[in-house]
Amino acid sequence: MTKKGLKEIGRELVRRADIDQVMRKEWADSGFKPARYDKAVDVRNTKYLKDVVSKYGWPYAKDFGRGAPKSAWLIAQHASSDRKFQWAVLRMLRKVPDSGVSLKLMATMEDKLRVSEGRKQKYGTQFHIDLKTQVLIVPPIVNKKALEKLRAQMHLRPFDVQLKRVQRSVSKMRTK
């Protein structure tokens, strides 16, 4: 594959991530009405990213363009129908120096996967909202005593600061 071809793939990853974010914003703005969530976006994006990763490996910025790694992470983060692939991406990111994906994003992906499997989260990055009551739920955390140290290692803000930010967002949802 030529350098130009890889850059085109990188631009396609960014385009797909942008579509993902527009769909999710419209879904959130609707009050998370199921009809506004387009699962087909995730399915198409997952298939595309799996093909890219299987053919070329992780889409590094130097080859695919600056926005490609974070866009690829976002697509993998939303590939909920394929946890095996999500775990494979996370393992790959942990091994890859300068993957273009921050430690914060890796922590977020790990917690999302753990919670989706019914396990306790490690870094306290996941928050759920009961859509009927709009009550904020914090899924259980493995080790609350070590939480701040683990969060600092992953460059995450203190848990209480993040919790307050999420609470403010939920509060704004209630006023819509």
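Readers should treat all values here as calculations from the given coordinates under stated rules, not as data from a laboratory. Owing to the predicted nature of the structure, the values given are computational and were not obtained by experimental measurement. A quick note on method: Cβ atoms are made from the backbone with ideal geometry, for glycine too, and the neighbour counts reach across all protein chains shown.
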Pairs from K84/K132; K84/K145; K104/K145; K47/K164 whose Cα-Cα separation, in the structure shown, is over 27 Å:
K84/K132; K84/K145; K47/K164
Toward the positive end of the charge dipole of the range 1-101, about the Cα centre and with charges on Cβ (Lys, Arg +1; Asp, Glu -1), which of V41, G57, S80 goes farthest?
G57
What does the charge count around V14 come to, taking other residues whose C-beta lies under 10 Å from its C-beta (Lys +1, Arg +1, Asp -1, Glu -1)?
+3
Pairs of Cα atoms under 8 Å, at least six residues apart: use those to get the relative contact order of the range 10-96, whole percent.
34
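Could you rank the peptides 73-79, 17-23 by their average count of other C-beta atoms within 10 Å per residue, with the highest value first?
Top to bottom by mean Cβ count within 10 Å: 73-79, 17-23.
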Placing unit charges on C-beta atoms (Lys and Arg positive, Asp and Glu negative, everything else neutral), compute the dipole magnitude of the chain about its Cα centre in debye, rounded to 20.
320
From the square roots a ≥ b ≥ c of the eigenvalues of the alpha-carbon gyration tensor of the range 1-101, which class results: rounded (a/c under 1.5), prolate (a/b over b/c), or oblate?
prolate
For the chain, just say rounded, prolate or oblate: build the C-alpha gyration tensor, square-root its eigenvalues into a ≥ b ≥ c, call rounded for a/c under 1.5, and beyond that prolate if a/b exceeds b/c, oblate if not.
oblate
Please list, by residue number, every one of the trypsin sites (Lys or Arg not before Pro) in the range 91-161 that is coil in DSSP and has at most 11 other beta-carbon atoms within 10 Å.
K132, K144, K145
Under the definition of Cα pairs under 8 Å and six or more residues apart, what whole-number percent is the relative contact order of the chain?
16
